[in-house]
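One structure is given here, and the rest of the page talks about it.
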């Protein structure tokens, strides 16, 4: 039986994919540092401080997290990943998205030639229910189903 969660569609879209879950704050620069070079064909998490996702592939996945941490460089990181075509499909936040992450993901949508579907305010119950490897369905209105 599917579990249903409703959030706010910051960058809406309909898609399905595999979840990669972090219960810690997610630092985009540290996570994608090794994947930002020309010729990169995948994005493997390089943030050894985030034990849940360290060493896992993030490209083409649905990254589920409470919030982001880090600096203003995150916008450039998201844009570079999109240009290399190794960005996640979606980013789902249990909390409200912070302005730096929102700005970076919106920049990718506007100037990076790619939409990374972004939903926030899914709640703590969402992050407790979803597990890495779960199949997720995202709807345009911000509904997320854990299949």
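Derivation of every value follows stated rules applied to the coordinates shown; laboratory data play no part. Nothing here was measured: the structure is a model prediction, and the numbers come from that model. All Cβ positions, glycine included, derive from the backbone under ideal geometry; neighbour counts span all protein chains shown.
Tabulated values for the structure
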{"item": "Sum of -39500 (n - 2.57) over DSSP H runs of 4+, divided by residues of the chain (222 nm, nearest 500)", "result": "-6500 deg cm²/dmol"}
{"item": "Full-stretch length increase - residue 140, residue 24 - with 0.36 nm per residue and alpha-carbon distance subtracted", "result": "39.1 nm"}
{"item": "In nm, spacing of pseudo-spin labels at residue 72 and residue 34 (7 Å Cα→C-beta vector)", "result": "2.9"}
{"item": "Relative contact order (%) - criterion: Cα under 8 Å, at least six apart; region: region 3-146", "result": "37"}
{"item": "Antiparallel DSSP beta bridges within the chain, as percent of all bridges there, nearest 5", "result": "55"}
{"item": "Reported label for calculated Rg and Dmax of the Cα atoms in Å given (i) 13.6, 43; (ii) 19.4, 75; (iii) 18.1, 61", "result": "(i)"}
